């Protein structure tokens, strides 16, 4: 039964790839990217896109983890609601509006794009860090204190490892949102795959539009897969086995 399902899955995958290849050939995407200049320029736009995503995600991860950790400490918990409300404003405001606000303060180019992506990406990481740490059972914390562990050791050796699955989920959501939103950075002169997408829309050229849209989709799918691999490294094996049993 399992072998039959595997064969059916492989057949459907091959059929999907063949169909996608025929579709891309029909609308001219393959011909467009077969031009050496256009192919090289598309790679350049992909690198611009990845640079924006990489820089903004590093910053969002640092800020999100810091917010989540600081406001789970007893002396700061009373401020959690206010701080999370402020952090959540980034995603309450539409992405185009966030980019426009960033442009009004920082001009056009790379810096306002990074700022806008940071604001838009920090909430899932901060919220999941906060939720993950708060969800650690109190008896585990009490046991760690009974063993004589300091608050710092409890944080890094007990709370964060037990919360890591939830934190990784927030990071995954933030990363996928970031990759999609980064396409809008073209509107403020930051480049990226949005250049192909919006130019294709303006010129009504589906080949150019898809030359930007398809790599963006593939980057999001690849990022999701890489986060799965990262989870195998950063989440303790015992917690992964427990989750699989459940």
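The values are calculated or read from the model by the stated rules, or taken from the named source; none is laboratory data. Since this is a predicted model, take the numbers as computed values, not measurements. Cβ sites come from the backbone with ideal geometry, for glycine too, and all protein chains shown count toward neighbours.
Values computed for the structure shown
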| read-out | value |
| --- | --- |
| Test for residue 109: is it assigned by TED's automatic domain parsing to the domain that holds residue 49 and more than 26 Å from residue 58 (Cβ to Cβ) | no |
| Test: residue in region 167-174 that is within 27 Å of residue 104 (Cβ to Cβ), in the same structural domain as residue 47 (by TED's automatic domain parsing) and assigned to a helix (DSSP H, G or I) | yes |
| Residue match in region 71-83 (condition: in a helix (DSSP H, G or I), at pLDDT 85 or above and within 22 Å of residue 183 (Cα to Cα)) | no |
| Lone qualifier among 130, 89 - being in a helix (DSSP H, G or I), within 21 Å of residue 65 (Cβ to Cβ) and at pLDDT 85 or above | 130 |
| Considering residues of region 138-168 that are more than 21 Å from residue 66 (Cα to Cα) and in contact with a helix residue (DSSP H, G or I) (Cβ under 8 Å, 6 or more places away or on another chain) only, the residue surrounded by the most Cβ atoms within 10 Å (Cβ to Cβ) | 144 |
| Close pairs (7 angstrom Cβ cut-off, 6 or more residues apart or separate chains): farther than 12 Å from residue 118 by Cβ in region 47-63, buried (at least 24 other Cβ atoms within 10 Å of the Cβ) anywhere | 48/192; 49/182; 49/192; 49/193 |
| Yes/no for residue 80 being surrounded by 15 or more Cβ atoms within 10 Å (Cβ to Cβ), over 30 Å from residue 191 (Cα atoms), free of Cβ contacts under 8 Å to residues at least 60 places away in the same chain and assigned by TED's automatic domain parsing to the domain that holds residue 152 | yes |
| Test: residue in region 184-199 that is assigned to a helix (DSSP H, G or I), surrounded by fewer than 19 Cβ atoms within 10 Å (Cβ to Cβ) and touching a residue at least 24 places away in the same chain (Cβ under 8 Å) | yes |
| Among the residues listed as 230, 204, the single one being more than 18 Å from residue 43 (Cβ to Cβ) and either free of Cβ contacts under 8 Å to residues at least 60 places away in the same chain or surrounded by 16 or more Cβ atoms within 10 Å (Cβ to Cβ) (or both) | 204 |
| Any hit, region 17-37, residues being out of contact with any strand residue (DSSP E or B) (no Cβ under 9 Å at 6 or more places or on another chain), modelled with pLDDT of 80 or more and either part of a helix (DSSP H, G or I) or under 22 Å from residue 109 (Cα atoms) (or both) | yes |
| Filter result for residue 118 (in the same structural domain as residue 177 (by TED's automatic domain parsing) and surrounded by 21 or more Cβ atoms within 10 Å (Cβ to Cβ)) | yes |
| Matching entry among 136, 158 (being farther than 20 Å from residue 120 by Cα, out of contact with any strand residue (DSSP E or B) (no Cβ under 8 Å at 6 or more places or on another chain) and either not assigned by TED's automatic domain parsing to the domain that holds residue 53 or not in a helix (DSSP H, G or I) (or both)) | 136 |
| Residue in region 212-232 that is closer than 22 Å to residue 63 by Cβ, in a helix (DSSP H, G or I) and at pLDDT below 85 present | yes |
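Here's the yes/no breakdown for (1) surrounded by 11 or more Cβ atoms within 10 Å (Cβ to Cβ); (2) farther than 21 Å from residue 160 by Cα:
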residue: 66; (1), (2): yes, no
residue: 72; (1), (2): yes, no
residue: 88; (1), (2): yes, yes
residue: 91; (1), (2): yes, yes
residue: 96; (1), (2): yes, yes
residue: 100; (1), (2): yes, yes
residue: 105; (1), (2): no, yes
residue: 108; (1), (2): yes, yes
